[in-house]
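The values are calculated or read from the model by the stated rules, or taken from the named source; none is laboratory data. Bear in mind the structure is a predicted one, so any value in this text is a computation, not a measurement. All Cβ positions, glycine included, derive from the backbone under ideal geometry; neighbour counts span all protein chains shown.
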Amino acid sequence: MASNFFSRNAAYCVTNPRKAWATRAAMEAHRKAHPLCELTGKIGVHVHHIESIWAAPERAADPTNFISLCPKAHLMWGHAGHWKRYVENVAELVQQAKIVRQQKPQHNP
């Protein structure tokens, strides 16, 4: 997983090598503390930056800037279906989707 972070954020890692390791450690701590997807409740999450590293490098290791998403939710909700895109309000969208899911009536067969 570490190599994935470094390959996706190469410019940040080259210009801030010490901060990059701190960011990786903060993301791993978040993953351990929040092991379930905030949207689906599944285990095996990616840690997504709410405010991207390129937009706010000073918040790269900030624990309040992380959200745990399963791989499918990470791609669809965090990156709008393509890894080169970025959804700015992902935390708000996930929160709204959770509210809608809770209000949806459950049908018992």
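Could you tell me whether His107 is outside any helix (DSSP H, G or I) and either under 11 Å from the mean Cα position of the chain (by Cα) or modelled with pLDDT of 90 or more (or both)?
When the stated conditions are applied, His107 does not pass them.
Taking interchain pairs and intrachain pairs at least six residues apart, which have beta carbon atoms under 6 angstrom, with the first residue in the range 55-83 and part of a helix (DSSP H, G or I) and the second charged (D, E, K, R)? Between residues of the range 55-83 that are part of a helix (DSSP H, G or I) and residues that are charged (D, E, K, R), the close pairs are Arg59/Glu51; Asn65/Glu51; Asn65/Arg59. Of the residues making up the range 14-54, those that are more than 18 Å from Lys98 (Cβ to Cβ), outside any helix (DSSP H, G or I) and touching a residue at least 40 places away in the same chain (Cβ under 8 Å) are Asn16, Ile53, Trp54.
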